[in-house]
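To keep things clear, I will list the structure first and then write my remarks on it.
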Amino acid sequence: MIYSEISSNKQKTALLITCFLVLIIALGWVFSMQLEAPGLLPVAVIVSVLMSLTSYYYSDKIVLSMSHAKEIKKTDDPDLYRTVENLSIAAGLPTPKVYLIDDTAPNAFATGRDPKHAVVAITTGLRQKLTKPELEGVMAHELSHIGNYDIRLTTIIVVLVGIVALLSDWMLRISFRGRRRGKEGAIIMLIGLIFALLSPLAATVIQLAISRKREFLADASGALLTRYPQGLSAALQKIAADHEPLEVANKATAHMYIVNPLKEHIEQKDKIGWFANLFQTHPPIDERIKRLEGMNL
Amino acid sequence: MIYALIIIGVLVLGGVAIYNNLVHARNRVDEAWSDIEVQLKRRYDLIPNLVSTVKGYAKHEDSVFTKVTDARAAAMSAPTPSAKLAAENQLSQTIRSLFAVAENYPDLKANQNFLSLQSDLTDTEDKIQAARRFYNGNVRDYNTKLQTFPTNMFAQMLGFTAKTFFDIDEKGPEGQPVNVQF
C-alpha cells in the first residue's frame, strides 16, 4: 500500500513538472508569435527548464529560507535529535536534518526531494509545548511524509505553483491597470485572462495534490511507527487549542505544515466563502483526532 | 501447441516474478539486521568505558565486572542471529546488574562521566529497540510471503527459509512479576 503511494507521488511530481514546462513554453510561443520575435521561444524553453531543475534540486532550501528555519546540531537539543534518530531507525530511513523555526506558533513540516535529502522542521513554540510521547507522534507523522515521498511533491508545488500564482497576479495587474491600446495591449489582456483562469486552477492543483488522504495516511503510519496514537492526538489537540498564526507561513507553503498555519481561516470561514475553501489543505483536526483515537494497534 | 507455449511462458514469467520478489524481501531483512548490528556495536564500544568508570568507585564488585566483560565477549563472537539474540539478552541483564551495583555508590552516581555514559547507553538501548522493530517488521513481511500461496510451493525448493524474529527475552527480569518484600 505504501509502495503504491510512493510511485503515485513520483508520478504526480513528474506530471506537475511537465505541465509547468508546457505552460511556460506555450506562453513563450504566444509572445513570440504575437510580437514577431522568434528569439523568445528558445529563451522560454531555457528559462522553464532552468526553473524546473532549480525547483527539483533547490526547492527545499527555498522553502526553508522562506520559513526562516535554522539547522540545529545534536548538542543544541539532544532530546529532539535523539527522538528523530530513533524514529528514523524504526522507519528504516536515513536520519533527516533537523531545523528549528524561531516562532511561538506551534507547527512543524518536512521537506526535501527524497529520504536521503530530507529535513524536518519544528517551531520553537511546538518544541516547548510538547511532552516526549507527543513530540514522537509529531516527528513520526513528519517521517511518514518523508518515507511516502510526500515531501518531494509538496515542496516542488511551493515553487512551481508559486511562480504561476506570482505571474498571474502580475499579469492581471498589468492588463487591468495599464489600459494600453493596440496590439500589445490586446496580447497582454489575453495573457492576463489566461492567467486569471489559471490562478484558481493552481489552487486546485495544491488541493488535489495535498488531499485529506495524505494527512490521514501520515497520521496513521506515524501512529504505527510509535505504536502510540494518543501521542499524536494529544499533540494535535495542543496545536488546535493555540490560535496564533505562524508568521513565516503563507498560502504557498501552508499545505506543508502538520496543521494549517493560517489560523484565521477557521474563524472567518463564512466571510471568505468558496475561495478560502479552495485553500482548505487540511482535514479538520477533530476528525484526525477521532480517527487516531479509534485506531486499534 | 501455441497455447501450450503461452501457458509455459506465463508460468516462467510468474516464477521469475516470485523469485525476484523473495530476493528483494530477503535483502531487506539482511539490511535491517545490519542496522541492528551497527547499534549493538555501539553498545559494545560503550561497555568497557562504563566498566572502568564504575571500577574506579566500586573496587570490590569484581564478579559483576567479569560477568559483564564475559557477556560482552560472548555477544560479540556469537555466529548466528539466534545465538546473538540469546547472548544479547544475557548482556542486557548483566548491564542492569552493573547499574544496580552503581546505585550503592552515591559518589559514582554524581560522576559526570558516569552520567553521560549512562545516558549514551540508554540512548543506544532505545536505538536497538527501534532497529529491532524495523527488523521484525521486515521479517514478518518476508515470512508472510514465504508462507502464502503460491510462493509456499517453490520457496523451499529455491532455498528460501523463514527468518527468526529478534525478540526480547520474556523470561528476563522485565518479563517477570516484581517481588516486593517488606
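Rule-based calculations on the coordinates, nothing more; no lab input. Keep in mind that this is a model prediction, so the values were computed, not measured. Quick reminder, even Gly has a Cβ in these numbers, built from the backbone with ideal geometry, and neighbours come from all protein chains shown.
Placing pseudo-labels 7 Å out from each Cα toward the beta carbon at B:THR69 and B:ILE7 gives an inter-label distance of 7.1 nm. With R₀ set to 35 Å, the beta-carbon distance separating A:LEU190 from A:LEU53 gives a calculated FRET efficiency near 0.75. Over the protein assembly as shown, what is the percentage of antiparallel beta bridges among all DSSP beta bridges, to the nearest 5? Percent antiparallel among DSSP bridges in the protein assembly as shown is about 65.
Diffusion of segment A:125-171 by Stokes-Einstein, at 25 °C in a medium of 0.890 mPa s and with Rh set to the Kirkwood radius over alpha-carbon pairs, works out to 189 µm²/s.
Shielding by partners for A:85-95, please: the mean number of other protein chain Cβ atoms within 10 Å of each residue's Cβ. Numbers along the way, then the final one.
Working: counts 4, 8, 1, 3, 15, 11, 4, 11, 1, 0, 0.
The mean count of partner-chain Cβ atoms within 10 Å per residue comes to 5.
Once the Cβ-Cβ distance between A:THR124 and A:VAL45 is put in as r, and R0 is 51 Å, what FRET efficiency do you end up with, to the nearest 0.05? FRET efficiency, A:THR124 to A:VAL45: 0.70. For the residues B:ILE18, B:ILE47, B:ILE36, a GNM of chain B with alpha-carbon springs under 10 Å puts the largest fluctuation on B:ILE18. The length gained on full extension between B:HIS60 and B:ASN104, counted as 0.36 nm times the residue separation minus their Cα-Cα distance, comes to 14.6 nm.
Just check chain B against the gyration tensor rule for me: Cα atoms, a ≥ b ≥ c as the square roots of the eigenvalues, rounded for a/c under 1.5, and otherwise prolate or oblate depending on whether a/b exceeds b/c.
Cα axes put chain B in the prolate bin.
The GluC sites (Glu not before Pro) of segment B:48-103 that meet both conditions, a loop assignment by DSSP and at most 16 other Cβ atoms within 10 Å of the site Cβ, are B:GLU103. Shape verdict for segment A:32-86, please, from the Cα gyration tensor: rounded (a/c under 1.5), prolate (a/b greater than b/c) or oblate. Prolate. Using C-alpha pairs below 8 Å separated by at least 6 residues, the relative contact order for segment B:2-165 is 33 percent. Total lysine pairs in segment B:2-165 at Cα distances under 13 Å, for residues eight or more apart or on different chains: 4. Taking the C-alpha atoms only, the angle from helix B:62-77 to the longest principal axis of chain B is near 20 degrees. If you wrap the tightest convex hull around every Cα atom of the protein assembly as shown and split its volume per residue, you get 225 Å³.
Report the FRET efficiency, 1/(1 + (r/R0)^6), for A:LEU201 and A:GLN237, where r is their Cβ-Cβ distance and R0 is 35 Å, rounded to 0.05. Intermediate values should be presented prior to the final figure.
Numbers: r = 35 Å, r/R0 = 1.01.
Computed FRET efficiency for A:LEU201 and A:GLN237: 0.50.
Shielding by partners for peptide B:127-133, expressed as the average number of C-beta atoms from other protein chains within 10 Å of each residue's C-beta, is 5. The fewest-to-most ranking of A:LEU201, B:LEU50 by surrounding Cβ atoms within 10 Å reads A:LEU201, B:LEU50.
Modelled this way, with points 7 Å down the Cα-to-C-beta line, the labels at A:MET295 and B:ASN27 are 3.0 nm from one another.
By the count of other C-beta atoms within 10 Å, a proxy for reagent exposure, B:THR53, B:THR80 are ordered fewest to most as B:THR80, B:THR53.
In plain terms, the chain from A:ALA37 to A:LYS132 could stretch by 28.0 nm, reckoned as 0.36 nm per residue minus the Cα-Cα distance.
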